[in-house]
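Read-outs throughout are calculated quantities, based only on the coordinates presented, and are distinct from any laboratory measurement. All values derive from a computational prediction rather than experimental measurement. Heads up, the Cβs are rebuilt from the backbone with ideal geometry, glycines too, and the neighbour counts pull from every protein chain shown.
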Amino acid sequence: MYPTKILVTGGAGFIGVNFVKMLLSEAPDVTVVNFDLLTYAGNLASLEDSMNDPRHIFVHGDICDRKQVCSTLKKYDIDGIINFAAESHVDRSITGPEIFVDTNIKGTLNLLQCARECEVKRFLQVSTDEVYGSLGKEGMFTETSPIAPNSPYSASKASADHMVRAFQHTFGLDTVITRCSNNYGPYQFPEKMVPLCINNARLEKSIPVYGDGLQVRDWLYVEDHCSAIWKVFKSAEPGSLYNIGGCNEMANIDLVKVILSILGKPESLISFVKDRPGHDRRYAIDASKIMKELDWKPSVTFKQGMEKTVKWYIDNLPWLEKITSGEYRKYYDSMYEDREIKG
Ligand code: NAD
Ligand code: DAU
């Protein structure tokens, strides 16, 4: 039997929210303690319909705070931890890497220490394909690909993965790691490419495409990432590692064109701007291990998932407008003002 009293960290962020909702609707035996600091990326409005569910307990907390994490684990008799909490945006890690070290590395270490102290039965670390670095035109990342992170964000995630591995090896803590490709879907903070593009396009504002727009990402609908994490948490061998991906490679420029076409907006909104420093050229995930061993596969095609996603943002404009007013405008101006528009 798998752990059923689960601490989900970062459960007010994009993937965490989708994961908490999935557990509440599909795992009636599970109680979720949602532990989130509510940084700029955490949003309780995304959890409005889950706040009164007796199987969902929200704790406003910091994964770096040992006393608070330990007392929460004890209070709710937690037997499993799934760690989504992180600083997650590559561009922010370039302008301010320190908090990425604090949250992603020290925060994960703190959780691991608390998990040991409180004898938690399973710890799942939600990691990323970015730890593998960048690919050329050919090949895919497998679970045995070397780690070669290129951004402060991916370096912090890779460090955390190593620490998780070390706790398994040295202390026998039951840990598993998942490494997923780019997610898209409802509730994503509009600093990320997909919701940023949807928001700008609906307002007929220009869409900033970095460099030549030919960087390739492998896109996965967020609910399919959540179902994969749940399978790994429930049934993977201790110490195992799984890649998760959509088998859906696409150049950024083509992604933007798909979104514009769903919204019926012109391609003239596309604006090529200064590239992200150190921008990884291509990611591609070989997800055959999780498909074979745990019988996982994506439930929607890219076309179905992206149509659902665009519809969700358009149907939830108050959610989007609340986020994109105030602080977000300052962020947008500071991030994009010195990216010279080339055309
Ligand atoms: P997000 O930025 O949307 O959410 C992060 C959440 O963590 C927020 O709710 C935030 O308030 C919370 N948080 C930050 N610091 C905290 C702290 N000190 N204590 C407690 N909570 C804290 O991120 P996301 O896109 O949902 O990503 C979730 C996880 O999945 C991350 O670990 C990320 O590295 C990983 N991941 C993301 C993607 C993707 O495409 N978004 C793909 C692969 C892996
Ligand atoms: O691969 C998994 C990773 O995917 C996760 O680990 C990260 O948490 C998540 O943020 C995401 O990282 P990316 O950097 O790939 O995502 P982002 O949405 O920021 O960018 C997607 C691509 O689009 C990337 O090649 C950069 C480009 N881009 C992004 C923005 C914000 C643009 O061209 N213009 C933009 O304005």
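Key figures for this structure:
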read-out: Using θ = phi - 60° and Karplus 6.51 cos²θ - 1.76 cosθ + 1.60, couplings along the stretch 95-103 (whole Hz; Gly, Pro as x); value: 7, x, x, 4, 5, 5, 5, 4, 6
read-out: Candidates THR309, THR31, THR170, ranked by Gaussian network fluctuation over the chain, Cα under 10 Å, top entry; value: THR170
read-out: Sparse-neighbour loop sites [GluC sites (Glu not before Pro); the stretch 50-124; at most 10 other C-beta within 10 Å; DSSP]; value: GLU119
read-out: Note, ³J(HN,Hα) from phi for the stretch 42-59, Karplus 6.51, -1.76, 1.60, rounded to Hz, x at Gly and Pro; value: x, 8, 5, 4, 6, 10, 3, 6, 10, 5, 9, 6, x, 8, 10, 10, 9, 10
read-out: Max mean-square fluctuation residue, GNM over the chain, Cα-Cα springs under 10 Å, options PHE84, PHE302, PHE14; value: PHE302
read-out: Distance from the stretch 111-138 to the stretch 21-75 (C-alpha centre basis), Å; value: 19 Å
read-out: Angle in degrees between helix 193-202 and the longest Cα principal axis of the chain, rounded to the nearest 10; value: 40 degrees
read-out: Between 0 and 90°, nearest 10: helix 152-171 axis offset from the chain longest Cα axis; value: 20 degrees
read-out: Cut-off under 5 Å, modelled amide H: who pairs with ILE285 long-range; value: PHE141, CYS247
read-out: Cα gyration tensor category, rounded, prolate or oblate, for the stretch 197-288 with a/c compared to 1.5; value: prolate
read-out: Under 5 Å, built H, 5+ apart or other chain: amide partners of SER271; value: ILE207, VAL209
read-out: The chain, helix-only ellipticity at 222 nm - DSSP H runs n ≥ 4, -39,500 (n - 2.57), divided by all residues, nearest 500; value: -12000 deg cm²/dmol
read-out: Net charge contributed by nearby residues that have their C-beta within less than 14 Å of PRO266 (K/R +1, D/E -1); value: +2
read-out: Least to most buried among GLU204, GLU191 (fewest other Cβ within 10 Å first); value: GLU204, GLU191
read-out: Cα centroid separation - the stretch 208-256 against the stretch 281-343, whole Å; value: 11 Å
read-out: Karplus 3J(HN,Hα) series, Hz, for the stretch 25-30 with 6.51 cos²θ - 1.76 cosθ + 1.60 (x for Gly, Pro); value: 8, 10, 10, x, 7, 9
read-out: Whether the stretch 5-116 is rounded, prolate or oblate, judged on the alpha carbon gyration tensor where a/c under 1.5 counts as rounded; value: oblate
read-out: For ILE244, distant residues with modelled amide H under 5 Å away; value: ARG179, CYS180, SER181
